[in-house]
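Working notes for the structure below.
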Amino acid sequence: MGRLAYVNGRYVPHGQASVHIEDRGYQFSDGVYEVVPVVDGVLVDEEPHLDRLGYSLGELKIAWPVRRPVLKLILRELMAKNNLTRGIIYFQVTRGVAPRDHKFPASVKSALVITTKRLNPPSAAMINDGVAVSTQPDIRWTRRDIKSISLLPNILAKQAAVEAKAFEAWLVEADGTVTEGSSTNAWIVKGGEVITYPKTNDILGGITRLSLLDLVKSTGIKLVERSFTLDEARTADEAFLTSSSSFVVPVTRIDGKPVGTGKPGPITQRLREIYVENVDRQIRAAK
Ligand code: PDD
């Protein structure tokens, strides 16, 4: 059997899965999503991802489509049906289907769509050589803490980065502050300090970021949650990015110029290792 998707209570062939044309996600981007990495059939950091889903839903006053334990069961059911051992599970919740009208519908059931995708870990080249980022203006709204499906500025920035032969776009405010990547959090290392933007409405609070911050505490490596400028990033010793699909990936070029030595730095490599060890621990604990 081919890959299945979950759509509002039914498991349907992925190629034929569809939602109503008046789903408010389709018409207004009125919804939120999560991407959870799956390694060896285990959902990595599942609870913090579900906490963030609850936060995003709460901020937008969208009801949970099913209760949290039920959602966990459905995620496992779809993974099993699709034989997903390594990749990501994507789930999105929209406010539901209603005649198009900006204000919230009086009574509507939120809609739930879940898909799985096989995905290999970042390639050896990405880890050994690092990736390039290109910078783009951050033109997003001021509630970036909500994991909204409204991603137009993010996709425009990513496309511009791809056209500049870069892996990711780093988003820069008018005052020169680097907030985050189009779908990743941004980090630099300077004078032995690991620096990343503080968790505010200005960025998405990445779950990989959250786990890594926790892990760094036990290493003795100095960590600072503060904004940094593009100039600081350009002159940093090391840089890297984090996300559920790539974990920790060294950034070795910004706008075509090398960062530090132009090779992944020792602190970045160490942080990637401790992050991967943490994933391995979660897998062992789940088995
Ligand atoms: N992106 N910042 C933005 C804007 C993101 O979209 C993401 C995640 C992150 C990293 O968050 P996390 O560590 O929880 O994955 C930061 C996902 C992977 C996506 O849109 O596909």
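The values are calculated or read from the model by the stated rules, or taken from the named source; none is laboratory data. Keep in mind the model is a prediction, meaning the values are calculated, not measured. Here the Cβ is made from the backbone with ideal geometry for all residues, glycine too, and neighbour counts use every protein chain on show. Side chains included, ligands, DNA and RNA excluded: accessible areas come from the protein's heavy atoms. Shrake-Rupley method; radii C 1.70, N 1.55, O 1.52, S 1.80 Å.
Can you report the number of residues in the stretch 185-211 which are in a helix (DSSP H, G or I) and within 13 Å of Phe240 (Cα to Cα)? So that I can check it myself, show each step before the final result.
Initially, the stretch 185-211 is screened for residues in a helix (DSSP H, G or I), giving 207-211.
If we keep only those that are within 13 Å of Phe240 (Cα to Cα) as well, we get 208-209.
Going through the stretch 185-211 one residue at a time, the tally reaches 2.
Test Trp170 against the criterion of being under 18 Å from the mean Cα position of the chain (by Cα), farther than 26 Å from Ser29 by Cβ and either modelled with pLDDT of 95 or more or away from the ligand (no atom under 15 Å from the Cβ) (or both), and give yes or no. Before you say what the answer is, go through the steps one by one.
Values: under 18 Å from the mean Cα position of the chain (by Cα): yes; farther than 26 Å from Ser29 by Cβ: no; either modelled with pLDDT of 95 or more or away from the ligand (no atom under 15 Å from the Cβ) (or both): yes.
Judged against the criteria, Trp170 is not a match.
With the condition being among the β-branched types (Val, Ile, Thr), I'd like the strands (runs of 3 or more DSSP E) fully within the stretch 212-287 carrying at least 2 qualifying residues.
Values: elements: 222-225, 238-243, 247-254.
In the stretch 212-287, 247-254 are the strands (runs of 3 or more DSSP E) which contain 2 or more residues that are among the β-branched types (Val, Ile, Thr).
Give all pairs with beta carbons closer than 7 Å in which a residue from the stretch 140-165 that is more than 10 Å from the ligand (Cβ to nearest atom) meets a residue that is part of a helix (DSSP H, G or I) and acidic (Asp, Glu); count only pairs at least 6 apart in sequence or on separate chains.
Close Cβ pairs (under 7 Å, with a partner that is part of a helix (DSSP H, G or I) and acidic (Asp, Glu)) amount to Ile146/Glu59.
Could you list all residues from the stretch 151-184 that are assigned to a strand (DSSP E or B), in contact with a helix residue (DSSP H, G or I) (Cβ under 6 Å, 6 or more places away or on another chain) and open to solvent by 10 Å² or more (accessible area, probe 1.4 Å)?
Across the stretch 151-184, the qualifying residue is only Val172.
Condition (residue is under 14 Å from the mean Cα position of the chain (by Cα) and on the phi < 0 side of the Ramachandran plot) applied to the stretch 187-197: is it met by at least one residue?
Keep residues of the stretch 187-197 that are under 14 Å from the mean Cα position of the chain (by Cα), which gives none.
Scanning the stretch 187-197 turns up no residue that is under 14 Å from the mean Cα position of the chain (by Cα) and on the phi < 0 side of the Ramachandran plot.
Which condition does Ile274 not pass, out of (1) open to solvent by 30 Å² or more (accessible area, probe 1.4 Å); (2) over 26 Å from Ala160 (Cβ atoms), if it passes all the others?
Status for Ile274: all satisfied but (1).
Among (1) of a type in the set (A, V, I, L, M); (2) out of contact with any helix residue (DSSP H, G or I) (no Cβ under 7 Å at 6 or more places or on another chain); (3) open to solvent by 20 Å² or more (accessible area, probe 1.4 Å), which single condition is Leu223 missing?
Every condition holds for Leu223 apart from (2).
With respect to Lys222, is the statement that it is more than 10 Å from the ligand (Cβ to nearest atom) and at pLDDT 95 or above true?
Numbers: more than 10 Å from the ligand (Cβ to nearest atom): yes; at pLDDT 95 or above: yes.
Yes; evaluated as a whole, the condition is true for this residue.
Quick check, is Pro266 more than 21 Å from Asp45 (Cα to Cα), more than 13 Å from the ligand (Cβ to nearest atom), more than 19 Å from the chain's Cα centre (by Cα) and not β-branched (Val, Ile, Thr)? Full working, then the answer.
Values: more than 21 Å from Asp45 (Cα to Cα): yes; more than 13 Å from the ligand (Cβ to nearest atom): yes; more than 19 Å from the chain's Cα centre (by Cα): yes; not β-branched (Val, Ile, Thr): yes.
Spelling it out, Pro266 is indeed more than 21 Å from Asp45 (Cα to Cα), more than 13 Å from the ligand (Cβ to nearest atom), more than 19 Å from the chain's Cα centre (by Cα) and not β-branched (Val, Ile, Thr).
I'd like to check something: does the stretch 83-92 contain any residue that is farther than 29 Å from Arg284 by Cβ and either without any contact (Cβ under 8 Å) to a residue 12 or more places away in the chain or in contact with a strand residue (DSSP E or B) (Cβ under 9 Å, 6 or more places away or on another chain) (or both)?
Filtering the stretch 83-92 for residues farther than 29 Å from Arg284 by Cβ gives 92.
Within this subset, residues satisfying the condition of being either without any contact (Cβ under 8 Å) to a residue 12 or more places away in the chain or in contact with a strand residue (DSSP E or B) (Cβ under 9 Å, 6 or more places away or on another chain) (or both) are 92.
There is at least one residue in the stretch 83-92 that is farther than 29 Å from Arg284 by Cβ and either without any contact (Cβ under 8 Å) to a residue 12 or more places away in the chain or in contact with a strand residue (DSSP E or B) (Cβ under 9 Å, 6 or more places away or on another chain) (or both).
Taking interchain pairs and intrachain pairs at least six residues apart, which have beta carbon atoms under 6 angstrom, with the first residue in the stretch 208-219 and acidic (Asp, Glu) and the second within 15 Å of the ligand (Cβ to nearest atom)?
Matching pairs, first to second residue: none at all.
Report whether or not Val131 is within 24 Å of Thr229 (Cα to Cα), hydrophobic (A, V, I, L, M, F, W, C) and touching a Phe, Trp or Tyr at 6+ places or on another chain (Cβ under 6 Å). Break it down into steps so the answer makes sense when it comes.
Details: within 24 Å of Thr229 (Cα to Cα): yes; hydrophobic (A, V, I, L, M, F, W, C): yes; touching a Phe, Trp or Tyr at 6+ places or on another chain (Cβ under 6 Å): yes.
Yes: the conditions hold for Val131.
The rows are residues; the columns are (1) within 16 Å of the ligand (Cβ to nearest atom); (2) open to solvent by 20 Å² or more (accessible area, probe 1.4 Å); (3) β-branched (Val, Ile, Thr); (4) assigned to a strand (DSSP E or B).
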{"site": "Ser18", "(1), (2), (3), (4)": "no, yes, no, no"}
{"site": "Glu47", "(1), (2), (3), (4)": "yes, yes, no, no"}
{"site": "Leu50", "(1), (2), (3), (4)": "yes, no, no, no"}
{"site": "Ser56", "(1), (2), (3), (4)": "yes, no, no, no"}
{"site": "Ile89", "(1), (2), (3), (4)": "yes, no, yes, yes"}
{"site": "Lys109", "(1), (2), (3), (4)": "no, yes, no, no"}
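Restricting attention to the stretch 111-137, which residues are loosely packed, with under 15 Cβ neighbours inside 10 Å and small (Gly, Ala, Ser)?
Once the filter is applied, which keeps residues that are loosely packed, with under 15 Cβ neighbours inside 10 Å and small (Gly, Ala, Ser), the stretch 111-137 yields Ser123, Ala124, Ala125.
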